[in-house]
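Structure first, commentary second.
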Amino acid sequence: MAAYEFPYEKALLAGPPRYDAFFLKKHPPMDRGHRAKIFAPFAALDGFEDTLETKNVVYDPESALSEEEQAELNRRLGILAELTRTGKNARRRRIRVTVSYFVPCADRHNDAFREGRGSYRTLCGIVWEVGEGSLLVGEKRLLFGAIRSLDSAVFDPPSCDDPSCDDPSCDDPSCDDPSCDDPSCDDTSCDDTSYDDPSCDDTSYDDPSYDDRDADRRGSSYA
């Protein structure tokens, strides 16, 4: 029986190749760190790991609100809509809320997608707008139907004697209530002398029926 001959024995005994200085100057050897990257593992299936992770997520069935809970949620949304009815009010008040909302499963290959299950999430931020059927908290817009709870300090306001109170009936001079005594109020019944109401007592108002002593100098059209 013939002895086995290793075909690469001569190359193995010769060791690594040796080059002259001119060759090494043009082709320097690769360091071990870069050489190891050649044999590093790679993801043959893009997104496969993320798909496996979604299978480990536990989804809950969507629970409906009772009539009392829905009425309370509508009341709180109405308060927020009143306090942030303009962008100026929203920026001045900067009402911070905590919202719990439902997010349906978006994985079509998961049983929870077909069964209508999802996950409950919590968001904390400032209310910038209460629109038609949606609430803008921070940079995220939530549909009213997805909201399950809504908490904020404005739902239990302090006494109106508190100058920082945001209640419309408060005596805060910065309040935007039309009945406010703020001289810069835009209410038509305001006593602001610069208001252009025909019944205003402003002596500079150009109403034709106004009894101005200088009417003759402005022309006979006022006669």
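The values are calculated or read from the model by the stated rules, or taken from the named source; none is laboratory data. Everything numeric here is computed off the predicted structure, so don't read it as measured data. Note: ideal-geometry Cβ built from the backbone for every residue, glycine included; neighbour counts use all protein chains shown.
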When the stretch 59-116 is checked residue by residue, the ones that are surrounded by 13 or more Cβ atoms within 10 Å (Cβ to Cβ), aliphatic (A, V, I, L, M) and within 17 Å of residue 142 (Cβ to Cβ) are 65, 73, 77, 79, 80, 81, 90, 95, 97, 99, 103
Across the stretch 18-47, what is the number of residues that are surrounded by 10 or more Cβ atoms within 10 Å (Cβ to Cβ) and of a type in the set (Gly, Ala, Ser)?
1
Name the one entry in 101, 8, 59, 19 that is touching a residue at least 60 places away in the same chain (Cβ under 8 Å) and aromatic (Phe, Trp, Tyr).
59
From 93, 108, 117, residue being under 17 Å from the mean Cα position of the chain (by Cα), modelled with pLDDT under 95 and basic (Lys, Arg):
93
